[in-house]
1. Can you find even one residue in segment 3-15 that is of a type in the set (A, V, I, L, M) and more than 29 Å from TYR199 (Cα to Cα)?
2. Can you pull out the residues in segment 59-95 that are without any contact (Cβ under 8 Å) to a residue 12 or more places away in the chain and either loosely packed, with under 12 Cβ neighbours inside 10 Å or closer than 12 Å to LEU114 by Cβ (or both)?
3. Would you be able to say whether some residue in segment 35-49 is assigned to a strand (DSSP E or B) and touching a Leu at 6+ places or on another chain (Cβ under 9 Å)?
4. Taking the criterion of being part of a helix (DSSP H, G or I), under 23 Å from GLU167 (Cβ atoms), within 20 Å of the chain's Cα centre (by Cα) and not assigned by TED's automatic domain parsing to the domain that holds LEU210, would at least one residue in segment 7-20 satisfy it?
5. Report, ordered by the first and then the second residue, all pairs with beta carbons closer than 7 Å, sequence separation of six or more or different chains, a first member in segment 229-247 that is touching a residue at least 40 places away in the same chain (Cβ under 8 Å) and within 25 Å of LEU213 (Cα to Cα), and a second member that is among the basic types (Lys, Arg) and buried (at least 17 other Cβ atoms within 10 Å of the Cβ).
6. Does SER115 satisfy the criteria of being closer than 15 Å to PRO64 by Cα and either in a loop (DSSP other than H, G, I, E, B) or at pLDDT below 95 (or both)?
7. Could you tell me which residue of segment 314-354 is nearest to MET282 (Cα to Cα), considering only residues that are among the small types (Gly, Ala, Ser) and more than 24 Å from the chain's Cα centre (by Cα)?
8. Restricting the search to segment 200-259, which residues are touching an Asp or Glu at 6+ places or on another chain (Cβ under 8 Å), assigned to a helix (DSSP H, G or I) and either modelled with pLDDT of 90 or more or crowded, with 18+ Cβ neighbours inside 10 Å (or both)?
Amino acid sequence: MISTPLSAAYRNDTGTGVEINHFLTWLARTKVACYGSKVLRDVRQVTNEILAIASAGNVLPIEPPPIHNIERWWDVEQLSFLCTLKAGIDKTAADYTQCKDLLLVAFCRILIKLSNAAFNHQSMSFKERDRSQGLLFSQKPGFLGLFRTEMNFVLESAADNPPGKAEILIGDSRSIPSFVNHKYDLLITSPPYPNRISYIRELRPYMYWLGYLKNGREAGEHDWSAIGGTWGIATSRLAAWERPQNGFCPEYFKKILDDICKDHNKSGTLLSNYVAKYFYDMWLHMQGIANVIANGGEVHYIVGNSTFYKVVVPVDLLFRDMLHEAGFKDIKIVKIRKRNSKKELFEYDVSARR
């Protein structure tokens with residue numbers, strides 16, 4: 001969602017991204033924005049002011065966000081520092097739009113750097129805390145220096161402005177023609193894979209700290225609105241979901257859904273519904289995208305296949321057939337690489353021309 005329009009802008013072209021999540025929309029727009037020298041100077045000045053008041057304790061810390069089991073994420077010292085730092089940003093950069101955006105990006109980076117979360121595998125987990133290392137950062141100067149390092153990294157990146165234009169639209173990718181009025185020559189995207197990995201799980205700390213989430217139910221609502229989301233209440237809604245008759249469902253896909261459902265009680269039905277809804281949503285997307293791709297334009301979907309109860313879901317073939325049904329031609333499937341999981345799983349580039 002960010003990489004394609006940003007790459008287009010660096011090629012002195014125009015690119016557009018679509019995002020349904022408000023936090024990711026803010027982050028993407030901050031990433032693709034252009035920053036003048038005055039803004040960068042303001043950020044450095046405000047950073048010094050924030051660090052000074054945080055060091056002196058001249059700001060009332062904010063209340064910690066209502067994250068469930070927040071102590072799993074941060075120790076007491078780290079949480080206290082983050083609450084003080086966020087209060088300093090809110091107080092000092094209240095009137096600076098681009099300035100505050102960059103400060104909040106650095107804040108997001110440090111809150112994960114100080115967290116107990118591990119992202120070194122397919123899904124997030126919590127690692128065992130090394131208390132001897134934790135003490136290294138338990139003094140304010142260590143925390144403050146770490147924030148300055150993150151801020152310098154963000155500023156260095158912000159100084160590199162692309163010559164072209166990138167824009168991020170907030171909207172549902174299943175109904176793109178309702179808010180996109182242009183024709184595009186190229187679409188490159190890597191949609192969520194049908195593997196029940198919930199992106200909202202990894203996004204929750206950022207969204208809570210920046211005020212985009214207030215409780216777990218809202219997290220579930222966000223995930224239900226996204227393609228492939230199954231967090232919280234999204235799971236219970238999925239159990240009751242029924243596949244619309246107007247969806248894309250060839251005979252071989254019906255058999256796949258039946259095989260997933262067989263002999264697995266409620267879990268089989270849930271996973272079968274999950275796969276069915278994922279492809280129904282992607283079918284809505286492809287029908288819509290056909291109306292905004294110019295004649296001769298190309299689409300590329302970078303996507304991986306999946307397995308459920310040893311039943312292989314051939315995502316590449318289903319994407320191929322959906323693209324054909326949506327009116328695309330010259331459809332190709334290129335196997336890109338083996339995924340770091342089961343032997344049957346690969347990533348593909350499924351491409352087509354309008």
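1. The first filter runs over segment 3-15 and keeps only residues of a type in the set (A, V, I, L, M), leaving 6, 8-9.
From what is left, the residues that are more than 29 Å from TYR199 (Cα to Cα) are none.
The answer is no, given that none of the residues of segment 3-15 is of a type in the set (A, V, I, L, M) and more than 29 Å from TYR199 (Cα to Cα).
2. Filtering segment 59-95 for residues without any contact (Cβ under 8 Å) to a residue 12 or more places away in the chain gives 69-71, 76, 94-95.
Once the filter is applied, which keeps residues that are without any contact (Cβ under 8 Å) to a residue 12 or more places away in the chain and either loosely packed, with under 12 Cβ neighbours inside 10 Å or closer than 12 Å to LEU114 by Cβ (or both), segment 59-95 yields ASN69, GLU71, VAL76, ALA94, ASP95.
3. Filtering segment 35-49 for residues assigned to a strand (DSSP E or B) gives none.
The answer is no; no qualifying residue exists.
4. The first filter runs over segment 7-20 and keeps only residues part of a helix (DSSP H, G or I), leaving 7-10.
Checking which are under 23 Å from GLU167 (Cβ atoms) leaves us with 7-10.
Next, only the ones that are within 20 Å of the chain's Cα centre (by Cα) stay: 7-8.
Imposing the further condition that a residue be not assigned by TED's automatic domain parsing to the domain that holds LEU210 reduces the set to 7-8.
Checked segment 7-20: at least one residue is part of a helix (DSSP H, G or I), under 23 Å from GLU167 (Cβ atoms), within 20 Å of the chain's Cα centre (by Cα) and not assigned by TED's automatic domain parsing to the domain that holds LEU210.
5. THR230/ARG196
6. On the way: closer than 15 Å to PRO64 by Cα: yes; either in a loop (DSSP other than H, G, I, E, B) or at pLDDT below 95 (or both): yes.
Considered against the rule, which asks whether it is closer than 15 Å to PRO64 by Cα and either in a loop (DSSP other than H, G, I, E, B) or at pLDDT below 95 (or both), SER115 comes out as yes.
7. Of all residues in segment 314-354, those among the small types (Gly, Ala, Ser) come to 326-327, 341, 351-352.
Within this subset, residues satisfying the condition of being more than 24 Å from the chain's Cα centre (by Cα) are 326-327, 352.
Working: ALA326: 11, GLY327: 15, ALA352: 15 Å.
So the residue we want is ALA326.
8. Our first condition is that a residue be touching an Asp or Glu at 6+ places or on another chain (Cβ under 8 Å); within segment 200-259, this holds for 200, 225, 227-234, 248, 250.
Within this subset, residues satisfying the condition of being assigned to a helix (DSSP H, G or I) are 200, 225, 233-234.
If the condition is that a residue be touching an Asp or Glu at 6+ places or on another chain (Cβ under 8 Å), assigned to a helix (DSSP H, G or I) and either modelled with pLDDT of 90 or more or crowded, with 18+ Cβ neighbours inside 10 Å (or both), then ILE200, SER225, ALA234 are the ones that fit.
The values are calculated or read from the model by the stated rules, or taken from the named source; none is laboratory data. Not measured: the values here are computed from a predicted model. Reconstructed Cβ throughout: ideal geometry from the backbone, glycine too, with neighbour counts over all protein chains shown.
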